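To start, the structure itself, in structure tokens.
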Amino acid sequence: MNHQSVLIVDFGSQVTQLIARRVRESGVYCEIHPYDKATEALESLKPAAIILSGGPASTTEAESPRADHALFESGLPMLGICYGEQTICAELGGKVEAGHHREFGRAEIEIRKDSALFAGIGAVGHREPVWMSHGDRVTALPPGFEVIAVSDGAPFAAIADEARKIYAVQFHPEVVHTPRGKTLLWNFTHLIAGMTGDWTMARFKDEAVVRIRQQVGKGRVICGLSGGVDSSVAAVLIHEAIGDQLTCVYVDTGLMRQGESEQVVSLFRNHYNIPLVHVDASKEFLGGLAGVSDPETKRKVIGKLFIDVFDAESSKIEGAEFLAQGTLYPDVVESVSARGGPSAVIKSHHNVGGLPDYMKLKLVEPLRELFKDEVRALGVELGLHPDFVGRHPFPGPGLAIRIPGEITPEKVTVLQQADAIYLDEIRKAGLYDDIWQAFAVLLPVKTVGVMGDARTYENVLALRAVTSTDGMTADFYEFPWPVLGKTATRIINEVRGVNRVVYDVTSKPPGTIEWE
């Protein structure tokens, strides 16, 4: 790709990916690289600007991560965020001290000097809500820097060396709790760094088609189709590039949503005319999961079975050289993270292990530069129906991790029916697009109830729905009670095996990876 770009140096913040999301939303391509690989990234990416992320360490400790001096010597515009501000000061001759007026949560900054960084946000004297999260603070500035904003707990809440175009803020502009943080980041990339914003899905699609053709040549590609948005968009993109050189293999585990397998087969065979192998392996998966209760063991059983079934089918496709995956950029970032070092696995179909060496297939990962929302935008660009690309996320192991305890065919049927009713009522109420993810969970609990004149002893079903803009944090959805009431009534009346429905109102804190 040939785009103006930003290098984001990761010091281990749990919200570093949000910086990239906000930058990408402004039409600017960016990549995240760990601090100890930043020099190599500077050479390979050739960015037009640099952003230093936050992080959990303290620059007052000798072993804390630091920004390489090559970054400062590059002469590129730079923005430090939280720990990024502190490492700028520590490296360039300022001072950082621990234990001074910790600030966590909502705060206000007061702008003390006009700066391009605050264009459209406020003039001198303006007070702006921000989100703070720091225990250390800067107590002396490096030569050439001046204060451009303060807060009650941070006398150097925002600083600038205008001559060198180095800026830093103690707060987090990337999180939604800093209402105009997106404007601040836009000011840095567009006003200060002079970037035009040439990152669009239309351009990405055209470039990706060229790259796929160059990589694959005349070879055959197999795509492990899960029915989810990622693998589906990857399949349609690859098919646009190489046509019938692509064959999709859809492994039906028996753990999908109700009617989902029929929808996937119809979409790809009938609408897109993409060669598709449909493997009904539900008996193998349900048999392999019989008696298994531990959730991690379930994942491993499902992962191994998937690889076995997929390998058996792919070996029947003559001349197959490549395997297509719907790997996304967060998978790549998490595999080599400043938080925990390199991971042995970037992605597998169920995130439980990589492909075995004996498969000897070369990977095609056309979405590995994209975030989830960008994949959805690409899907629309490719002509996928908005209802399909806007589907709620669905985990690789399927309903297996929404049935705590032992899995049986009867439990799967009960959950499929209840989940279908839940989603149907959400759609009828016009709420589906307001919710990031909604699903039902069949709890390993039974209760006594009276239905009509009979006493019952049946399952408890939990309903969950959350709102989120990025999947990093989320809150429960405040359902209108009439919708919940109608949903619960339908489930009790139409699904045999459930006599109580509850709604889960817990939230998802930052840094957790999955719901299930």
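The values are calculated or read from the model by the stated rules, or taken from the named source; none is laboratory data. Here the structure is a predicted model, which means the values were calculated and not measured. Every residue, glycine among them, receives a Cβ derived from its backbone with ideal geometry; neighbour counts consider all protein chains shown. Accessible surface areas use protein heavy atoms only, side chains included; no ligands, DNA or RNA. Shrake-Rupley method; radii C 1.70, N 1.55, O 1.52, S 1.80 Å.
Condition check ((1) surrounded by fewer than 18 Cβ atoms within 10 Å (Cβ to Cβ); (2) touching a Gly at 6+ places or on another chain (Cβ under 8 Å)) across all residues:
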{"site": "Val15", "(1), (2)": "no, yes"}
{"site": "Tyr29", "(1), (2)": "no, no"}
{"site": "Asp36", "(1), (2)": "yes, no"}
{"site": "Ile51", "(1), (2)": "no, yes"}
{"site": "Pro56", "(1), (2)": "yes, yes"}
{"site": "Glu61", "(1), (2)": "yes, no"}
{"site": "Glu110", "(1), (2)": "yes, yes"}
Quick check on my filter: what residues within the stretch 382-418 are open to solvent by 10 Å² or more (accessible area, probe 1.4 Å) and either in a helix (DSSP H, G or I) or aromatic (Phe, Trp, Tyr) (or both)?
Pro386, Asp387, Phe388, Phe394, Ile401, Pro409, Glu410, Lys411, Thr413, Val414, Gln416, Gln417
Go through the stretch 416-433 and report how many residues are within 26 Å of the chain's Cα centre (by Cα) and at negative phi.
11
Answer with yes or no whether Glu369 is open to solvent by 30 Å² or more (accessible area, probe 1.4 Å), at pLDDT 85 or above and either touching a strand residue (DSSP E or B) at 6+ places or on another chain (Cβ under 8 Å) or of a type outside the set (Lys, Arg) (or both).
yes
Has the stretch 148-162 got at least one residue that is modelled with pLDDT under 90, within 25 Å of Thr60 (Cα to Cα), open to solvent by 40 Å² or more (accessible area, probe 1.4 Å) and charged (D, E, K, R)?
yes
If you go through the stretch 129-146 one residue at a time, how many are surrounded by 16 or more Cβ atoms within 10 Å (Cβ to Cβ), at pLDDT 95 or above and not in a loop (DSSP other than H, G, I, E, B)?
0
Any helices (runs of 4 or more DSSP H) falling wholly within the stretch 227-302 and containing at least 1 residues that are within 24 Å of Arg368 (Cα to Cα) and not hydroxyl-bearing (Ser, Thr, Tyr):
229-242, 260-265
Determine if the stretch 185-193 includes at least one residue that is open to solvent by 50 Å² or more (accessible area, probe 1.4 Å), within 30 Å of Leu382 (Cα to Cα) and touching a helix residue (DSSP H, G or I) at 6+ places or on another chain (Cβ under 8 Å).
no
Would you point out which residue out of Glu85, Glu91 is over 24 Å from Pro366 (Cβ atoms) and open to solvent by 40 Å² or more (accessible area, probe 1.4 Å)?
Glu91
Find the residue count for the stretch 195-215, including only residues that are open to solvent by 10 Å² or more (accessible area, probe 1.4 Å), in contact (Cβ under 8 Å) with a residue 24 or more places away in the chain and under 21 Å from Ala320 (Cβ atoms).
4
Apart from one, (1) within 30 Å of Leu286 (Cβ to Cβ); (2) surrounded by fewer than 20 Cβ atoms within 10 Å (Cβ to Cβ); (3) modelled with pLDDT of 90 or more all hold for Lys486; the odd one out is (1)
If I filter the stretch 437-445 for residues that are at pLDDT 90 or above, under 17 Å from the mean Cα position of the chain (by Cα) and open to solvent by less than 20 Å² (accessible area, probe 1.4 Å), do I get at least one hit?
yes
So, first residue closer than 14 Å to His239 by Cα and at pLDDT 90 or above in the stretch 374-393, second residue open to solvent by 50 Å² or more (accessible area, probe 1.4 Å) and part of a helix (DSSP H, G or I), Cβ within less than 8 Å, six or more apart or across chains; the pairs are Leu382/Glu240
With the requirement that a residue be in contact with a strand residue (DSSP E or B) (Cβ under 8 Å, 6 or more places away or on another chain) and loosely packed, with under 14 Cβ neighbours inside 10 Å, what does the stretch 115-125 give you?
Ala123, Val124, Gly125
Test: residue in the stretch 95-103 that is touching a strand residue (DSSP E or B) at 6+ places or on another chain (Cβ under 6 Å) and within 14 Å of Val9 (Cα to Cα)
no
